[in-house]
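Enquirer: First the structure, which I've put down as structure tokens, then a few questions once you've had a look.
The values are calculated or read from the model by the stated rules, or taken from the named source; none is laboratory data. This one's a predicted model, so the numbers in the text were calculated from it and none came from an experiment. Because the Cβ atoms are built from the backbone with ideal geometry, glycine has one as well, and the counts that use them run over all protein chains shown. Note: areas computed on protein heavy atoms with side chains; ligands, DNA, RNA excluded. Shrake-Rupley method; radii C 1.70, N 1.55, O 1.52, S 1.80 Å.
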Amino acid sequence: MAGSGVGLWRRLFVISSFVGFAWYLFNRKTFSVFIPNLIQELQWREENIGATTSAFVVGFTLSQIAFSTLPDRISLRWVYCLCLLGSSMMNIILGLFHHSLVSFASLWLVNGFFQGFGWPAIVRMTALWFSPSHRGRILGVAGVGGNLAGMCAPAFFQALAVSVGGWRSVFIAVGVSGLAISLLLVIITRASPNEVLDESDESFNIGSGKSAGKQARVSLQIVLANSLLWIVSLSHLVVNFAKMVMCDWASIYLMYDKKWEQHKAVLSLGAYEMGGVVGCLLIGFLADLFMVKYRHLKSYARLPIVIGCSVVAAVSLQLMRDAQPQHTICCC
């Protein structure tokens, strides 16, 4: 009975991570999609866009620091769901009221703070629900949810803006739907098997093999001395730099440098996420395959995949810079 119950909650967790991360991305994409509208309607300059984008990154960075201690005080389930609710509220506020650059950037910073908790919470809960040989595929499914949201957002948001009355209405609609989804996630999400098993079921083989909240603490000195973490961090720097360029600046680049029409430039943002759908599934499968085949290397087994992604991201950006306008979308 314990096994069947845990199996059900595992499947619900996969659904929760897919749907939840998709709405995290929806709440993040509103700004990226409507950057041209902000330039035209609010008379923003490129430095204003840069300041707002940087504010989001600052908030996102602060959340990574907070996440290191917050799950010790509150369940990952509530972190995951409440931060989606908070991000949705920021979108609603941005849509309801007229804002100066400072207030808009400040609210977007808070949105970045809430956004920063989404993926780490999914990763940590996945580690509690599944064994290392299955985590890549599960995280790949969650990543596909975000990529599908990012792929559909440009076309969907543009069509919604035309039908409901502008970009502010889209911010509100996305935020309201995010509130509903966050409440649904509270119902279907559990942070670990420990939250669904009775104390009499402690002998059941939990995916991660460790109880939530009882994992050994690691000192900062050990973390800083871990060479693998430095390599992964450098890879994330390259990949996230490429992602920020594509998601926040590609539409402006295509409009002003490549002379694309606004609607084509915005719709092309979905091409990046389209590649991400394939990439998430492929990388997730390869990560699990490498973990099984090179089990003796432990976490280092995934290192070739990390380095490979960094190289591909860097090469793609260079190809996009040199490509002719009709070929630019292929490099996305």
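Enquirer: Could you compute the net charge surrounding Thr30? Neighbours are other residues with a C-beta less than 13 Å from the C-beta of Thr30; K and R count +1, D and E count -1.
Expert: Numbers: positive: Arg28, Lys29, Arg168; negative: Asp248.
Combined, the nearby Lys, Arg, Asp and Glu give +2.
Enquirer: So between Leu12 and Leu42, what do we pick up on full extension, going 0.36 nm a residue minus the alpha carbon distance?
Expert: Net length gain for the segment: 6.5 nm.
Enquirer: Can you give me the % of accessible surface on the stretch 13-106 that is carbon or sulfur? Probe 1.4 Å, all protein chains present, nothing else counted.
Expert: 68
Enquirer: If one computes the Cα centroid of the stretch 233-261 and of the stretch 124-151, what distance in Å separates the two points?
Expert: If you average the Cα positions of each part, the centres end up 24 Å apart.
Enquirer: Can you tell me how much longer the chain between Val176 and Leu282 gets when fully stretched, taken as 0.36 nm per residue apart minus their C-alpha distance, in nm with one decimal?
Expert: 34.9 nm
Enquirer: Still on this structure: Using modelled amide H (1.01 Å from N, peptide plane; none on Pro or chain starts), what sits under 5 Å from the amide H of Ala191, excluding residues fewer than 5 places away?
Expert: Excluding prolines and chain starts, which carry no amide H, the hits are Arg77.
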